[in-house]
Amino acid sequence: MRRSLSLFVLTAIAATALAGCATPAPDASCTYAEKPGDGISAVTVTGNFGSKPDVTFATPLKASTNQNVIVSKGDGLVSNAGDSVAIDVSLYDGTNAELLSSSRYDGTSFGVLPLDETAQPALASALKCVPAGSRVLTVLGDDPKLTTTLGLPEGTTLVAVFDIHDVYLGKANGTPQNVPDGFPMIVLAEDGTPGITFLSGATPPTETRIAVLKAGTGAIVGADSEVTVAYSGWLWPTDGESPVQFDSTWAKGKVPATFSLTGVVPGFAKALTGQRVGSQIEVIIIPEDGYGDAGTGSIPPNSTLVFVIDILGVR
């Protein structure tokens, strides 16, 4: 479950190497909130979607509000609050037109930005209700959190051009299923964050077990697919001890993780292979299908692991 940070991901965007296939439920009420203004009018953007844009504006550019427009509109899945979007982005300092950060624009290495209206309200507003395949221009004149994060003077206006390549679910949206006996109990917070309860005296199984908690209807995950997921993992506790969570995307800014199933432990790959996007999976991984007698990091040798995994996208 590897992730790295890009330059612009200082704002909680995680760099990935995947544009996937997701199936957010369409929302007829999702209408793009265009916010034109003098800042937008002063910026010219040319070039094709998916290639580095040519962005020009007179400096210094100063805006007192956050502004956004769709430069070119795609016809893919439409983003909504709580989803994540796979993006290319070019970010400029409005003071001097300096390029602060830029994606590779290589068709594979995208950033993933959660549309979190609490953590990043300006960006979430600018990129919500936008079809995949769209290019969006934003002028951020009132985002002190972002300018501070980037180490820029207070009041700096930022100009950003986003290419939205794909839309991922924010959490599993499948139909709840009956869970077989022997699985720890999972309770979900409103935002989808899972919590876990192990029954007193329960013993781990002798073989890896998989349960579908929610059955999605999206694309099917193959044995060598690249997936975008949200997950939490716990160590199976010794009786009387509290479960220890050793990893969770939910605890890391709710930024989903992207990786190939060929690069994870066998039990994790078994749990996702053949499942559909939108599903939530619980898997109990025996040591032989996990990290074995070597362990790794905070996972001791011969640990039984429990994961709850939301499948958000696949390629």
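The values are calculated or read from the model by the stated rules, or taken from the named source; none is laboratory data. Just so it is clear, the model here is predicted, and its values are computed rather than measured. Cβ coordinates were reconstructed from backbone atoms using ideal geometry, including for glycine residues, and neighbour counts include every protein chain displayed.
Some observations on this one:
- Residue check, Pro144 crowded, with 19+ Cβ neighbours inside 10 Å, in the same structural domain as Gly37 (by TED's automatic domain parsing) and out of contact with any Phe, Trp or Tyr (no Cβ under 6 Å at 6 or more places or on another chain): no
- Taken over the stretch 147-189, the criterion of being modelled with pLDDT under 95, touching a Leu at 6+ places or on another chain (Cβ under 7 Å) and crowded, with 21+ Cβ neighbours inside 10 Å is satisfied by Val167, Tyr168, Leu169.
Yes or no, residue by residue, for (1) farther than 20 Å from Val244 by Cα; (2) hydrophobic (A, V, I, L, M, F, W, C):
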site	(1), (2)
Lys145	yes, no
Asn173	yes, no
Leu188	no, yes
Thr206	yes, no
Ala211	yes, yes
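- Of all residues in the stretch 58-68, exactly one satisfies the criterion of being surrounded by fewer than 19 Cβ atoms within 10 Å (Cβ to Cβ) and either among the hydrophobic types (A, V, I, L, M, F, W, C) or more than 16 Å from Thr95 (Cα to Cα) (or both), namely Ala58.
- Cβ-Cβ distances below 7 Å connect the following pairs, each with a first residue in the stretch 49-71 that is within 18 Å of Pro131 (Cα to Cα), a second residue that is in a loop (DSSP other than H, G, I, E, B) and among the hydroxyl-bearing types (Ser, Thr, Tyr), and a separation of six or more residues or different chains: Gly50/Tyr105; Ser51/Tyr105; Ile70/Tyr32; Ile70/Ser134.
- A single member of Gly253, Gly278, Gly218 is part of a loop (DSSP other than H, G, I, E, B), of a type outside the set (Val, Ile, Thr), surrounded by fewer than 21 Cβ atoms within 10 Å (Cβ to Cβ) and in contact (Cβ under 8 Å) with a residue 60 or more places away in the chain, and it is Gly253.
- In the set Thr262, Thr296, only one residue is within 24 Å of the chain's Cα centre (by Cα) and of a type in the set (Ser, Thr, Tyr); that residue is Thr262.
- Number of residues in the stretch 288-309 that are closer than 15 Å to Val244 by Cβ and touching a residue at least 24 places away in the same chain (Cβ under 8 Å) equals 12.
- Single match in Asp116, Asp106, Asp75 (criterion: assigned to a loop (DSSP other than H, G, I, E, B), closer than 20 Å to Ala172 by Cα, acidic (Asp, Glu) and in the same structural domain as Lys145 (by TED's automatic domain parsing)): Asp116
- Selection status of Thr197, of a type in the set (Ser, Thr, Tyr), closer than 22 Å to Lys270 by Cα and either out of contact with any helix residue (DSSP H, G or I) (no Cβ under 7 Å at 6 or more places or on another chain) or buried (at least 20 other Cβ atoms within 10 Å of the Cβ) (or both): no
- Total residues in the stretch 270-284, condition under 20 Å from Thr208 (Cα atoms) and touching a Gly at 6+ places or on another chain (Cβ under 9 Å): 8
- Of all residues making up the stretch 172-194, the number that are closer than 23 Å to Pro266 by Cα and small (Gly, Ala, Ser): 2
- Against the list (1) without any contact (Cβ under 8 Å) to a residue 24 or more places away in the chain; (2) in contact with a helix residue (DSSP H, G or I) (Cβ under 6 Å, 6 or more places away or on another chain), the condition Glu241 fails is (2).
- Failed item, numbered, when Asp142 is tested on (1) part of a loop (DSSP other than H, G, I, E, B); (2) within 19 Å of the chain's Cα centre (by Cα); (3) modelled with pLDDT under 95: (2)
Let's see how each residue does on (1) in contact with a Gly (Cβ under 8 Å, 6 or more places away or on another chain); (2) under 20 Å from Gly39 (Cβ atoms); (3) β-branched (Val, Ile, Thr):
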site	(1), (2), (3)
Val85	no, no, yes
Gly107	yes, no, no
Val112	no, no, yes
Cys129	no, no, no
Val136	no, yes, yes
Val139	yes, yes, yes
Asn173	yes, no, no
Gln177	no, no, no
Ala189	yes, no, no
